[in-house]
Amino acid sequence: MTAKSVMVLGTTSGAGKSWLTTALCRYYARQGLKVAPFKAQNMSNNARVVAQGEIGSAQYFQALAANAVPDVRMNPLLLKPEKDTQSQVVLMGQVNAELSRMEWRGRSASVWPVVSQALDELLAENDVVVMEGAGSPAEINLKSSDIVNMRSAQHANAACLLVTDIDRGGAFAHLYGTWAMLDESERRLIKGFVLNKFRGDAKLLAPGPQMLQDLTGIPTVATLPMWWQHGLPEEDGVFDDRSVASGAVTKTVAVIAYPRISNLDEFQPLKNVPGVRLKWVRSPAELTGADWVILPGSKHTSGDLAWLRAQGLDNAIAAHAGQGGAVLGICGGLQMLGEALIDPHGIDGNAPGLGLLPVVTVFEEGKTVRHRQARFGALEGAWAALSGVAVQGYEIHHGQTAQHPALAAAGDKASAVMAEGLAWQNIRGNVLGLYLHGMFEDPAVLRALFGASVATLGSVFDGLADYIEAHFEPGVLQSLIKP
């Protein structure tokens, strides 16, 4: 079996590559084809656990859309930013300390043999491999070391679509300029332009598409209308003003959006729960009126905790908890809620915690990466509805958290509400911290907390495929996979 490859490139980050790749995965899978996604390198703090380690969340969802088992080969290189000039490098699912210390251009040369082998294996095992680029393929200052765009495209001889965000303005210039910056051998791979996030009368686009085709020889094969609620988690950002589901708002959930927030995609289901308003918060004023405050995961817990204090959010969160308001910490958020962060190996950093849970976190060199099934014990207060609920999720963390003996002896105790140190609750019952990601993706949890269910991922993927089938020019999607 030798796959035909289709690749989605973008004129910028945020152009729509990830969701379009996901839609293509489901579209081709519905044709009875064996499909796999591939992205050579992803830079994201949103990651999911697979059998061999971790991959970017976008490729995880793309695999599910393709009806494939998620695999580290689908995202062989994952960069998880910790600071502006530092990332943790995950190669084939595992943290690689040597690559994490290496200069960026040298790193690309070192990893290409591994990346290309992963791509070759997927091409050999599937009918179609749907590939995703990163940023823009025309970043001329980075091109010599760029393995995720045209180098991967040429290796797979991919039929490429170039997508742009027309809502930002300058779409035709973005498309033409990107095409013009490519080498002639690279231009030959571009089979169509895609205008994404269009609002208004499509007649007003003329004569743009025809002029662009006259200049490049490449047709505009789709104009995709703006679609606010496609249901797929966003990969690159958290801020939008359309996070209110149907019905009158009965509960406002505020998620602290610190700079190194991780796994923010796990909150996507809350956008679709009737009566729930989801807010992304970066200042104390934005916490006003919140029923729940959530401290999400963090790729650099001590750094995000310092940022949180600099904004005055530490006092605001403490005041919310002091008034009996519900507080939830997930992974890095759990660590922040404790008394202290202790880092003997230089993994994350030392820092005093917020002191809302009497636990202490010690960072270990080894990284816990695994799927988990667990059951909540008896909970009190704000989180009592979770008592006895079984939940499936995943762990990705260096920290190990436990109640400090001195605090327990002093009577400042936390209740362990899951086995094996996965979760703790304060005595009052309004503060809960747990290591398990994915809680809000579990239907049992949504039923317990909200008495509601939301659209399944399968229906979301089918909706994406229906959408592109309706808006691409007839025959284009099939032509991309013809020999």
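The values are calculated or read from the model by the stated rules, or taken from the named source; none is laboratory data. None of these values were measured; they are calculated from a predicted model. Note that we place each Cβ from the backbone using ideal geometry, even for glycine, and neighbour counts take in every protein chain shown. What goes into the accessible areas is simple: the full protein's heavy atoms, side chains included, and nothing from ligands, DNA or RNA. Shrake-Rupley method; radii C 1.70, N 1.55, O 1.52, S 1.80 Å.
Numbers for the structure displayed
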read-out: Calculated over the range 1-137: convex hull of Cα atoms, volume per residue (Å³); value: 100 Å³
read-out: Cα-centre dipole for the chain with unit charges at Cβ (Lys and Arg positive, Asp and Glu negative), debye to 20; value: 440 debye
read-out: Cα-based equivalent ellipsoid of the range 69-195: semi-axis lengths in Å, sorted from largest, via gyration tensor; value: 26, 19, 14
read-out: Reciprocal mean inverse distance between Cα atoms of the range 258-340 - Kirkwood radius, Å; value: 13.2 Å
read-out: Whole-number percent relative contact order across the chain, with pairs defined as alpha carbons under 8 Å at least 6 apart; value: 14 percent
read-out: Whole-Å semi-axes of the range 122-165's equivalent ellipsoid (Cα gyration tensor); value: 21, 13, 7
read-out: Peptide ranges 62-68, 339-345, 364-370 listed from the most packed, as the mean C-beta count within 10 angstrom indicates; value: 62-68, 339-345, 364-370
read-out: Relative compactness, the range 9-55, computed as alpha-carbon Rg over 2.2 N^0.38 Å; value: 1.33
read-out: Segments 137-144, 312-319, 72-79 sorted - mean Cβ within 10 Å per residue, highest first; value: 72-79, 312-319, 137-144
read-out: Spin-label model distance (nm) - Ser283 vs Glu125, 7 Å beyond Cα toward Cβ; value: 4.9 nm
read-out: P(r) weight above 22 Å for the range 378-483, C-alpha pairs, percent; value: 53 percent
read-out: Packing-based order for 10-20, 459-469, using average beta carbon neighbours within 10 Å, highest first; value: 10-20, 459-469
read-out: 1.4 Å probe accessible area per residue over the chain, in Å²; value: 39 Å²
read-out: The range 48-111, relative contact order [Cα under 8 Å, separation at least 6], %; value: 26 percent
read-out: At least 30 Å along the helix axis (C-alpha) and Kyte average at least -0.5, DSSP helices within the chain; value: 104-125
read-out: Within the chain, helix-based [θ] at 222 nm, where runs of 4 or more DSSP H residues each add -39,500 (n - 2.57), nearest 500; value: -8000 deg cm²/dmol
read-out: Other-chain or far-sequence residues with amide H under 5 Å of Leu422's (modelled H); value: none
read-out: Surface share of carbon and sulfur [accessible, 1.4 angstrom probe, percent] for the chain; value: 51 percent
read-out: Cα lying deepest toward the dipole's positive end in the chain, options Ala180, Leu337, Ala455, charges on Cβ; value: Ala455
read-out: Set of lysines near Lys251 by C-alpha distance (under 18 Å), chain-local residues within fewer than 8 positions excluded; value: Lys271, Lys279
read-out: Hits among lysines - C-alpha to C-alpha of Lys143 under 28 Å, sequence gap 8 or more where chains match; value: Lys4, Lys17, Lys39, Lys80, Lys83, Lys191, Lys197, Lys299
read-out: For the range 337-384, projected area of the alpha-carbon convex hull averaged over all directions, nm²; value: 4.8 nm²
read-out: Full-stretch length increase - Leu215, Arg309 - with 0.36 nm per residue and alpha-carbon distance subtracted; value: 28.5 nm
